[in-house]
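Some notes on the structure that comes next.
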Amino acid sequence: GEPERAASFARALTRERPGETRTWIMLARVLNEPTDMPERLASAERSLALDGRLTEAWDLKAQLLTVAERFDEAIQVCGEGAAVCSHEVYVLQGRHAWVEARRRRFPEAVRLMRAVLAENSSYAWGWSQLAEWLTEQKALADAAAALEQLLRLRPHDPWVNRQLGFL
């Protein structure tokens, strides 16, 4: 019965621990009202100011910019993050593909994600996104192949089995 409780708690944590990157990331993730977007982006920026090499913070900022339909900025953030992050760069490359899909550029999204998966075949989120985009394009055999790869990574995942059943 207190829908604002999580946001209030997250804001309190950022006041109590302003130098901790994770508190700012949590605040950006917890806020969910459309009017919260400026605060969410500011929180993502603050997390990057505290730790500019944290892949999760770059990914979050790109995701938020995409939700705000600021696609070109989101792609730029993915590139900037990939240039400074020392590990899990594939996450930002996958996010770039996701941004393209969000703006309905499925062939480009598929091309980008296939390149990411060629380098990192255990990237489960990438396989699930690829399967969805291929399904959207009616490339059902390719979508099934992507789901089969995902099934190898997550053999007991009911979503994967359900999607294969639908195909």
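The values are calculated or read from the model by the stated rules, or taken from the named source; none is laboratory data. Because the structure is predicted, anything quoted here is derived from the model rather than measured. Counting neighbours? That spans all protein chains shown, and the Cβs are built from the backbone with ideal geometry, glycine included. Side chains included, ligands, DNA and RNA excluded: accessible areas come from the protein's heavy atoms. Shrake-Rupley method; radii C 1.70, N 1.55, O 1.52, S 1.80 Å.
Side notes on the structure shown:
- Stokes-Einstein D in µm²/s, Kirkwood radius over Cα pairs - region 1-97 at 10 °C with 1.306 mPa s viscosity: 117
- Axis angle, to the nearest 10 degrees, between helix 89-102 and the longest C-alpha principal axis of the chain: 80 degrees.
- Percentage relative contact order, the chain, counting C-alpha pairs under 8 Å, at least six apart: 11
- Area accessible to solvent at Arg29, 1.4 Å probe radius, in Å²: 110
- Inter-centroid distance (Cα atoms) of region 96-123 relative to region 1-73, Å: 25
- The residues His87, His156, His96, sorted by heavy-atom accessible surface at 1.4 Å with ligands and nucleic acids left out, run His156, His87, His96 from largest to smallest.
- Inter-label distance for Ser121 and Arg53, nm, one decimal - labels placed 7 Å from Cα along Cα-to-Cβ: 3.0
- The share of accessible area on the chain that comes from carbon and sulfur is 50 percent, using a 1.4 angstrom probe.
- Over region 1-49, volume per residue of the alpha carbon convex hull, in Å³: 59
- Overall shape of the chain was characterised from the C-alpha gyration tensor. The equivalent ellipsoid obtained from it has semi-axes of 31, 18, 15 Å, in decreasing order.
- Point-charge dipole on Cβ atoms (K/R +1, D/E -1) for region 1-115, about Cα centre, debye to 20: 260
- Taking the longest Cα principal axis of the chain as reference, the axis of helix 140-153 is set at about 60 degrees.
- In this simple spin-label model, placing a label point 7 Å from the Cα along the Cα-to-Cβ direction at both Arg111 and Glu16 gives a separation of 5.0 nm.
- For the chain, the longest principal axis of the alpha carbon atoms and the long axis of helix 106-119 meet at an angle near 90°.
- The residues of region 22-129 present an accessible area of 49 Å² per residue when probed at 1.4 Å with all protein chains retained.
- Spread over its residues, the convex hull of the C-alpha atoms of region 66-149 is 80 Å³ per residue.
- Residue of Thr55, Thr23, Thr35 that the Gaussian network model of the chain assigns the largest fluctuation, springs spanning Cα pairs under 10 Å: Thr35
- MRE, 222 nm, helices only [DSSP H, n ≥ 4, -39500 (n - 2.57), over the chain, to nearest 500]: -24000 deg cm²/dmol
- Descending by average beta-carbon neighbour count within 10 Å, the peptides 6-14, 77-85 line up as 77-85, 6-14, the highest first.
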